[in-house]
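Okay, structure first, notes after.
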Amino acid sequence: MKTISIINLKGGVSKTVSAINIAYTLVKLHGKRVLLIDNDKQGNTSKFFGLYDPESKCGLSELLTVKEIVVDNVIQQTSYEGLDIITANMNLLRANKEILMDVSRPQQTRLRKKLVSVKERYDYVIIDNAPDINMTVVNALVASDDVLVPIKIDQFSFDGLEQILEQIEDVSEFNSDIRFAGCFVTMYQRNNVNQQGAELLEKQGYPMFSTRIRKTVKVDEMTFVGKPLLEYAKRSTACVDYVALVKEYLGLC
Ligand SMILES: Nc1ncnc2c1ncn2[C@@H]1O[C@H](COP(=O)(O)OP(=O)(O)OP(=O)(O)O)[C@@H](O)[C@H]1O
Ligand SMILES: [Mg+2]
């Protein structure tokens with residue numbers, strides 16, 4: 001089992017859309033068994049699969065705060081065979097405070113420890129993180145083998161990248177295997193700003209995927225319909241790009 005964190009401290013850069021489509025591409029085209037974890041109190045990934053419940057007491061928050069709750073108690077099936085999910089809701093706010101205050105057991109390694117019991121059941125765990133660094137995000141990083149950073153090109157694209165790298169450095173105390181797999185450009189448009197921004201990013205020396213995810217209205221539509229791109233618009237540019245990105249990640253191209 002390999003665990004991947006999708007993270008960027010900036011909001012609205014396509015973390016959730018990428019987590020969903022990377023996960024589903026691994027399931028549909030590569031026959032992998034995937035567990036998606038919603039690690040954002042907004043619950044966007046949970047909402048996408050129609051599994052958001054503001055009252056739920058059986059999600060990521062409880063997994064991280066209640067000692068007796070095991071991962072089997074919180075996993076739900078999506079309507080896609082091979083793709084399961086752990087949902088989130090506003091309880092994550094409370095969970096973050098509780099983890100910080102509860103020093104009676106380790107705070108950073110809770111997710112990592114709880115995921116051990118499903119390591120034979122899934123090929124990949126994909127974590128959709130909040131645009132934040134908090135205790136549940138630290139738990140995600142400590143549980144992760146690879147970190148992927150979606151980047152939308154604008155004036156502030158590079159903000160927060162250094163902090164993510166620092167955070168990866170910090171968690172390596174608990175997880176020496178963590179790897180910054182790379183950044184990839186999202187919502188790419190063929191215009192000067194995007195082209196020059198992407199080139200600048202490549203020159204910074206950060207690991208970069210050569211696949212860029214193009215901007216298309218099909219992505220906004222997909223979020224309304226609640227179907228991953230491979231189901232909703234498989235010929236759309238973004239879908240073709242996510243398929244290429246996953247291949248590049250898997251080292252297949
Ligand atoms: N390739 C794309 N083309 C067009 N629109 C896109 C693309 N990727 C994402 N979007 C749109 O951008 C918005 C933000 O996407 P998303 O919710 O995935 O970002 P996020 O980084 O998870 O945001 P947050 O930080 O709030 O969690 C959504 O409205 C989504 O439909
Ligand atoms: Mg999101």
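Given the conditions (1) touching a strand residue (DSSP E or B) at 6+ places or on another chain (Cβ under 6 Å); (2) at negative phi; (3) modelled with pLDDT of 95 or more, report the number of the one that residue 208 does not fulfil. The single condition residue 208 does not satisfy is (3).
Residue by residue, here is whether (1) in contact with a helix residue (DSSP H, G or I) (Cβ under 8 Å, 6 or more places away or on another chain); (2) among the aromatic types (Phe, Trp, Tyr); (3) closer than 16 Å to residue 240 by Cα holds:
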position	(1), (2), (3)
175	yes, no, no
205	no, no, no
211	yes, no, yes
214	yes, no, yes
223	yes, no, no
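A Cβ distance below 6 Å, combined with a sequence gap of six or more or placement on separate chains, defines the contacts here; from region 64-83, residues that are closer than 17 Å to residue 48 by Cα reach residues that are assigned to a loop (DSSP other than H, G, I, E, B) in the pairs 76/51; 78/49; 82/33. When 195, 204, 163 are checked against the criterion of being without any contact (Cβ under 8 Å) to a residue 12 or more places away in the chain and among the polar types (S, T, N, Q), a single residue qualifies: 195. Considered as a group, the residues in region 214-231 that are open to solvent by 80 Å² or more (accessible area, probe 1.4 Å) and under 20 Å from the mean Cα position of the chain (by Cα) include one that is farthest from ligand 2 (Cβ to nearest atom), and that residue is 214. Has region 56-65 got any residue that is at pLDDT 95 or above, farther than 19 Å from residue 138 by Cβ, buried (at least 24 other Cβ atoms within 10 Å of the Cβ) and in contact with a helix residue (DSSP H, G or I) (Cβ under 7 Å, 6 or more places away or on another chain)? Taking every residue of region 56-65 in turn, none turns out to be at pLDDT 95 or above, farther than 19 Å from residue 138 by Cβ, buried (at least 24 other Cβ atoms within 10 Å of the Cβ) and in contact with a helix residue (DSSP H, G or I) (Cβ under 7 Å, 6 or more places away or on another chain).
The values are calculated or read from the model by the stated rules, or taken from the named source; none is laboratory data. It should be emphasised that the depicted structure is a prediction, and the values quoted were computed from it without experimental measurement. Note that each Cβ is placed from the backbone with ideal geometry, even for glycine, and that neighbours are counted across all protein chains shown. Please note that ligands, DNA and RNA were not included when accessible areas were found on the heavy atoms of the full protein model with its side chains. Shrake-Rupley method; radii C 1.70, N 1.55, O 1.52, S 1.80 Å.
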